[in-house]
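See structure below.
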Amino acid sequence: MSTFRTNKKLIRTWFENNIIDDTNYLPPELMEVPEMEVINALFACLPQEKNIADKAALAIGISIAKLFEKDKEQAQICMRRFMWHMNEESGNIGWGIPLAFAQSLAHSEKLAKIYGNVLISYIHDKEGDSNFCDHAPLRLTCYEAVGIFAKAMPEYKEKIISIIENQKEDDIACQSISQKILQELKQ
C-alpha cells in the first residue's frame, strides 16, 4: 500500500516531466492504486504552479468520475470537499478547486447533473445569499472552470452565456476572462 507522501512526490515529479491526457493522467505505478489514495495526493498538487495544478485538476476529475462508477458516496464526498473549499466559512481559499470541480463534471454526466449548477453559481453574482466567489483571483479560475464545463456539457452553455452576459463584473481581469469565455461559448 502506497503512502500519501510517496504518492504526492511521485505525482508531482511525473507531472513536471510528462504531458498528460484522458488516458495518461497518472504515473503508471499509480494507475491501479485505489482512487481515494490518489485523489488525496492530487489535492495536495492543486495549489502548485499552474502547469502542475492544471494536470492535477484533470487527474482528479478523471479519478472522481471513475470513482463515481464504483462508489457514488465516496465520489460525492469528494464533490462536497470541493464545495467546502470554496465556502468562505471554511477558512480555505480553494486554489485549483474550480478547475478540479469542472474536470470532474466534464468527465461524468451523472456528476454534472448533480453538481453542475453549483459550479456555475460561483460566477453568478445575484442578490441575497449566493455562492458567488468574492475573491477575484480565485474567481478567474471559476470562469475558466465554467468554460471547461460548458465545452464538455453543451446543455449548460445557454445558462452560462446568460449569466455572463447579465453579469456586472467589477474586476478587470475577471471581466477580460469572462468575455473570452463568452466568445468561445458563442462560437
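Quick note: the coordinates plus some simple rules give every number you see, no bench work behind them. Keep in mind that this is a model prediction, so the values were computed, not measured. All Cβ positions, even for glycine, are placed from backbone atoms using ideal geometry, and neighbour counts span all protein chains on display.
Using R0 = 25 Å, the C-beta based FRET efficiency linking Gln74 and Thr3 works out to 0.85. Compute the long axis of helix 4-17 from its Cα atoms, compare it with the longest principal axis of the Cα atoms of the chain, and write down the angle in degrees, 0 to 90, nearest 10. Once rounded, one gets 70 degrees. Percent of Cα-Cα pairs more than 20 Å apart in the stretch 1-90, please. Percent of Cα pairs beyond 20 Å in the stretch 1-90: 31. FRET efficiency for the pair Asp170 and Glu88, taken as 1/(1 + (r/R0)^6) with r the Cβ-Cβ distance and R0 = 22 Å, rounds to 0.80.
Legend: distances between Cα atoms for Lys9/Lys113; Lys66/Lys157; Lys8/Lys66; Lys9/Lys72; Lys9/Lys186; Lys9/Lys151; pairs beyond 30 Å are Lys9/Lys113; Lys9/Lys186; Lys9/Lys151. Ordering of 97-108, 21-32, 147-158 by packing is 97-108, 147-158, 21-32, highest average first (other Cβ atoms within 10 Å, averaged per residue).
Positive contributions from Lys and Arg (+1) and negative ones from Asp and Glu (-1), summed over other residues with Cβ under 12 Å from the Cβ of Arg5, come out at +2. Over the stretch 102-164, the fraction of Cα-Cα pairs per 10 Å bin, rounded to whole percents and listed from the shortest bin up, is 23, 57, 19, 0. In degrees from 0 to 90, rounded to the nearest 10, what is the angle of the helix 109-121 Cα long axis to the longest principal axis of the chain? Computed tilt is about 50 degrees. Taking 7 Å steps out from each Cα toward its Cβ at Asn18 and Asn51 produces label points 1.6 nm apart. Cα centroids of the stretch 21-51 and the stretch 71-144: 19 Å apart.
Rounded to the nearest 20 debye, the dipole size of the chain about its Cα centre is 280 debye, using +1 on the Cβ of Lys and Arg and -1 on the Cβ of Asp and Glu. Given R0 = 41 Å, the distance between the Cβ atoms of Asp129 and Glu184 translates into a calculated FRET efficiency of 0.85. The alpha-carbon atoms of the chain define a convex hull whose volume equals 121 cubic angstrom per residue. For Ile161, neighbours were defined as the other residues whose beta-carbon sits under 15 Å from its Cβ, and their charges (Lys and Arg +1, Asp and Glu -1) total 0. Glu144: net charge of surrounding residues, Cβ under 12 Å, Lys/Arg +1, Asp/Glu -1, itself excluded? For residues surrounding Glu144, the net value is +2. Across the stretch 69-181, Cα pairs under 8 Å and at least six residues apart give a relative contact order of 23 percent.
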